[in-house]
Amino acid sequence: MARTQTFIRHTLTGLATVILVTPFTIQAKPLEKTTFSVSGYVKADAMVSQYSDGTLASGSIGRDFYIPSLTPTGGEQESAQFDAHIKQSRFRFTSNTLLSNEQTITGVLEFDFHTTPDGNERISNSYEPRIRHAFLKYNNWLIGQTWSTFQDVRTLPESVDFIGVTDGTIFARQTMIRYTSGAFEVSLENPETTVTPLGGNGRIVADDNSVPDLAARYTLNRPWGHVAIAGLVRQLAYVDKQDGNNIDSDEISYGLSITSKINLGEDDLRVMANIGRGLGRYIGLNAVNSAVLNANNELESIDVRGFTLAYRHFWDAQWRSTFSYAMLSADNDTELTGLGVIKQTYSARANLLYSPTPELTFAAEYAYAQKTLESDIDGDMSRLQFSAKYAF
């Protein structure tokens, strides 16, 4: 009996050893073939803002960076507002692993502290991190969240503001699957539809799309710079069967973007031209919705166009400036949208940046912006912003 118990004990011990050891002996050890890197920057911003027709409440995201739709209109001018924050600071973690098939897989995870719901300026100025990018790249494929293929990041001008030329810029990050072949990129991306109710008065975020957005880009690189052409095709959809509603409508929308960065010696010129039917959230941080509901509970796309021009000049090896202008305009059917929706926004800005070393930059920027409604009521913003930035 004792010999039997000893045999069983040894057998179970051996089985446990196999169970514990086998997964590690038959799998690769990825950390042994993985390299890690950390990058990003720490940035402190301080700004004084003056609005002609009202004010922005404490905690408003429009006090952190310029959002065209938030410029007050139709109110009374109040005193200037001073704000200081570190929310633009960001951290990026990158890993590269050599796989057993001799291919490399890359993973990226990036955070900053903008647009999060919690945190205030009363005591500790604590803010939650938010995810910006999270994706993997393998061969010609990218899967995860990053810049939309419809956006040309390389034409974004250097600005003290978070975006700067926001009005006329395609700006979107979202989850996608992207295939790249040389200069050509094509992707299926997460959809979302924003709708203006009949008569205006708010925004409906529908989230009723049944197919992903399709985006494609071709970039021609040359010694003088580059030019890119991008297209977007997507479904706009809104379904609401609750509380007696009978809304079930969808429509195809599309957009075209032509962008270029032109090298002029050490200086450069950046141009963006964007036009589309139902672009909505892709341009101007959703200053204009994709569509409006008509009297038959059907979607009608809203035409928009945007334009950006930015010139960067190097005064010497340490000093530089960017002068930029951006605009956005919409063709609203005011019989459906009413007169309270945005007809046009524009902004202009000039800055001066000083970098005693490439890692450290001190900057000042003046910006002027104006928003006009279909009623021709308008309001403007003047902002003087300062920053200190350490990039690593």
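The values are calculated or read from the model by the stated rules, or taken from the named source; none is laboratory data. No experiment lies behind these values; they were computed from the predicted model shown. Because the Cβ atoms are built from the backbone with ideal geometry, glycine has one as well, and the counts that use them run over all protein chains shown.
Applying the set (1) in a loop (DSSP other than H, G, I, E, B); (2) at negative phi; (3) among the acidic types (Asp, Glu) to ASP207 leaves exactly one unmet item: (2). The single condition from (1) farther than 24 Å from LEU156 by Cβ; (2) charged (D, E, K, R); (3) under 19 Å from the mean Cα position of the chain (by Cα); (4) part of a strand (DSSP E or B) that GLU300 fails is (3).
Against the numbered list (1) under 17 Å from PHE111 (Cα atoms); (2) at pLDDT below 95, SER89 comes up short only at (2).
For GLY276, the test of being farther than 15 Å from ILE163 by Cβ and outside any strand (DSSP E or B) is failed. Picking from residues in the range 68-113 that are assigned to a strand (DSSP E or B), touching a residue at least 24 places away in the same chain (Cβ under 8 Å) and aromatic (Phe, Trp, Tyr), the one that is surrounded by the fewest Cβ atoms within 10 Å (Cβ to Cβ) is PHE82. Counting the residues of the range 345-379 that are assigned to a strand (DSSP E or B) and either buried (at least 19 other Cβ atoms within 10 Å of the Cβ) or of a type in the set (Gly, Ala, Ser) (or both) gives 19. Of all residues in the range 326-344, those being more than 22 Å from the chain's Cα centre (by Cα) and assigned to a strand (DSSP E or B) number 2.
Report whether or not THR166 is of a type in the set (S, T, N, Q) and either over 30 Å from PHE323 (Cβ atoms) or touching a strand residue (DSSP E or B) at 6+ places or on another chain (Cβ under 6 Å) (or both). Criteria not met by THR166. Condition (residue is farther than 30 Å from GLU335 by Cα and in a strand (DSSP E or B)) applied to the range 235-258: is it met by at least one residue? Yes, that holds for at least one residue.
Let's see how each residue does on (1) assigned to a loop (DSSP other than H, G, I, E, B); (2) in contact with a strand residue (DSSP E or B) (Cβ under 9 Å, 6 or more places away or on another chain); (3) surrounded by 18 or more Cβ atoms within 10 Å (Cβ to Cβ):
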{"position": "LEU285", "(1), (2), (3)": "yes, no, yes"}
{"position": "VAL288", "(1), (2), (3)": "yes, yes, yes"}
{"position": "VAL292", "(1), (2), (3)": "no, yes, yes"}
{"position": "ALA295", "(1), (2), (3)": "yes, no, no"}
{"position": "THR308", "(1), (2), (3)": "no, yes, yes"}
{"position": "ARG312", "(1), (2), (3)": "no, yes, yes"}
{"position": "ALA317", "(1), (2), (3)": "yes, yes, no"}
{"position": "ARG320", "(1), (2), (3)": "no, yes, yes"}
